[in-house]
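K.L.:
First, the structure itself, so that you have it in front of you.
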Amino acid sequence: MSEGQPAYRRVLLKLSGEAMRGELPYGIDFKRARSIAHELNEIHNLGVDIAIMIGGGNIFRGSQGVAEGMDRVTADHIGLLATVINGLALQDALEKEGLVTRLISAIEIKAVAEPFIRRRALRHLEKGRVVIFTAGLGSPYFTTDTAAVLRALEIKAEVILKATKVDGVYTADPMIDAGATRFESIKFLEVMQQELKVMDSTAISLCKDNNLPIIIFNLNQPGNIMKAVLGERVGTKIS
Ligand code: UDP
């Protein structure tokens with residue numbers, strides 16, 4: 001692992017539910033959660049404040065329920081609860097690494113997670129606790145990507161690190177188009193104009209309006225989160 005200096009003092013890591021699934025067809029791969037936690041511990045040891053927004057797609061997405069004829073709001077509520085389940089698993093993995101954590105939920109679920117109170121979340125970060133945001137924004141019709149951007153702005157994170165299944169932003173879907181090439185960096189406006197599938201449009205425009213950069217990279221390559229934190233070339237940077 002690199003001995004370099006971090007390029008950021010405070011980051012918000014967006015972990016999709018897929019990241020928690022690892023190689024499994026469904027659910028939570030605890031080995032994967034442990035390896036993510038291990039990398040985050042090394043980053044924390046560099047003195048970087050870490051907040052995480054966790055998704056729920058490995059368990060349930062609102063769109064799945066809607067496709068089956070379910071009411072959108074109810075389906076999204078199920079999706080929100082899925083993110084809380086992932087958050088608990090990640091919290092356990094982080095604590096096994098010796099990190100002090102706080103699980104925060106945007107919907108009230110007192111026995112399990114604390115509510116989001118901005119000043120309290122900031123205090124946790126100042127004290128070196130890893131903050132895990134769950135339940136997105138607590139409202140239907142949003143995604144955890146948009147929630148990641150809003151919370152990143154609120155806690156004054158300097159960057160969003162979005163760990164996904166792909167290596168970054170491509171000219172076209174690399175799974176479909178073999179000729180697709182990856183951007184090393186790209187402007188928000190280009191992402192919007194070319195309708196590149198990076199994050200939902202609400203998330204992208206919130207980043208653009210507030211000048212908050214995003215680095216998108218592949219989570220399946222161990223060491224990539226660290227590389228992004230050290231400012232090394234990894235994935236695609238959108239700014
Ligand atoms: N969700 C929501 N409001 C939010 C965040 C999430 O309703 O603020 C619901 C939505 O149904 C979504 C699900 O929670 O499909 C899981 O989140 P997401 O799809 O963003 O997870 P990811 O794709 O990152 O795994």
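K.L.:
Over the chain, what is the relative contact order in percent, taking alpha-carbon pairs closer than 8 angstrom and at least six residues apart?
P.N.:
So the answer I get is 23 percent.
K.L.:
Now a separate question. Can you send over the carbon and sulfur percentage of the accessible area for the range 1-70, probe radius 1.4 Å, protein chains only?
P.N.:
About 51 percent, which is the carbon plus sulfur part of the accessible surface.
K.L.:
Does the chain come out rounded, prolate or oblate, given a ≥ b ≥ c as the square roots of the eigenvalues of its C-alpha gyration tensor, rounded meaning a/c under 1.5 and, failing that, prolate meaning a/b above b/c?
P.N.:
Cα axes put the chain in the rounded bin.
K.L.:
Expressed in nm to one decimal, what extension gain is obtained for the pair LYS96 and ALA180 from 0.36 nm per residue of sequence separation less their Cα-Cα distance?
P.N.:
26.2 nm
K.L.:
Now for a separate question. Which net charge results for the neighbourhood of GLY136, defined as the other residues with beta-carbon distances under 10 angstrom from its beta-carbon, given Lys and Arg at +1 and Asp and Glu at -1?
P.N.:
Once all neighbours under 10 Å are counted, the net charge is -1.
K.L.:
Using Cα positions and a limit of under 14 Å, work out the aspartates and glutamates in reach of LYS96, with same-chain residues fewer than 8 apart set aside.
P.N.:
Partners found: GLU39, GLU42.
K.L.:
Using Cα positions and a limit of under 18 Å, work out the aspartates and glutamates in reach of LYS208, with same-chain residues fewer than 8 apart set aside.
P.N.:
Within reach: ASP145, GLU154, GLU158, GLU184, GLU190, GLU195, ASP200.
K.L.:
Please give me the summed charge of the neighbours of GLU158: other residues whose Cβ is under 9 Å from its Cβ, Lys and Arg +1, Asp and Glu -1.
P.N.:
In short, +3.
K.L.:
Further question: Between LEU153, LEU125, LEU206, which gets the highest mean-square fluctuation from a Gaussian network model of the chain, Cα cutoff 10 Å?
P.N.:
Of the options given, LEU206 has the highest mean-square fluctuation.
K.L.:
Skip the ligands, DNA and RNA, and give the accessible area per residue of the range 58-155 with a 1.4 Å probe, whole Å².
P.N.:
It amounts to 46 Å² per residue over the range 58-155.
K.L.:
When ligands, DNA and RNA are left out and all protein chains stay put, how many square angstrom of accessible area per residue does the range 184-239 have with a 1.4 Å probe?
P.N.:
51
K.L.:
Using just the helices of the chain, give the 222 nm mean residue ellipticity in deg cm²/dmol: DSSP H runs with n ≥ 4 each add -39,500 (n - 2.57), and the total is spread over all residues, rounded to 500.
P.N.:
Helix contribution divided over all residues of the chain: -11500 deg cm²/dmol.
K.L.:
Could I ask something else about it? ASN224: net charge of surrounding residues, Cβ under 10 Å, Lys/Arg +1, Asp/Glu -1, itself excluded?
P.N.:
-2
K.L.:
Okay, moving on. How high is the relative contact order of the range 58-185, in percent, counting Cα pairs under 8 Å that sit 6 or more residues apart?
P.N.:
18
K.L.:
Considering only DSSP states other than H, G, I, E and B, which chymotrypsin sites (Phe, Trp or Tyr not before Pro) in the range 114-168 qualify as loop sites with at most 13 other Cβ atoms within 10 Å?
P.N.:
Passing sites in the range 114-168 are TYR141.
K.L.:
Taking the mean number of other Cβ atoms within 10 Å as a proxy for protection, how do you rank 225-237, 19-31 from highest to lowest?
P.N.:
225-237, 19-31
K.L.:
Along the positive direction of the dipole of the range 168-239 (beta-carbon charges: Lys, Arg +1; Asp, Glu -1; about the Cα centre), which of PHE217, THR181, TYR170 reaches farthest?
P.N.:
PHE217
K.L.:
Take the alpha carbon gyration tensor of the range 172-239, find the square roots of its eigenvalues, order them as a ≥ b ≥ c, and report rounded if a/c is under 1.5; if not, report prolate when a/b exceeds b/c, else oblate.
P.N.:
Judged from the Cα gyration tensor, the range 172-239 comes out oblate (a/c at least 1.5, b/c at or above a/b).
K.L.:
Another question, then. Over the chain, with a Gaussian network built from C-alpha contacts below 10 Å, which listed residue (ALA172, ALA163, ALA75) shows the highest mean-square fluctuation?
P.N.:
So, out of ALA172, ALA163, ALA75, the one fluctuating most is ALA172.
K.L.:
Considering only protein heavy atoms and a 1.4 Å probe, what is the carbon-and-sulfur percentage of the accessible area of the range 97-145?
P.N.:
It is 49 percent, rounded to a whole number.
K.L.:
Rounded to the nearest Å, what's the spacing between the alpha carbon centres of the range 1-43 and the range 164-192? Just the number, please.
P.N.:
Between the Cα centre of the range 1-43 and that of the range 164-192, the gap is 22 Å.
K.L.:
Mind putting a number on the dipole of the chain about its Cα centre? Charges go on the C-beta only, +1 for Lys and Arg and -1 for Asp and Glu, and I need it in Debye to the nearest 20.
P.N.:
Value, rounded to 20: 660 debye.
The values are calculated or read from the model by the stated rules, or taken from the named source; none is laboratory data. Note that the structure is predicted; figures quoted are calculated from it, not measured. All Cβ positions, glycine included, derive from the backbone under ideal geometry; neighbour counts span all protein chains shown. Protein only, heavy atoms only, side chains kept; ligands, DNA and RNA dropped before computing areas. Shrake-Rupley method; radii C 1.70, N 1.55, O 1.52, S 1.80 Å.
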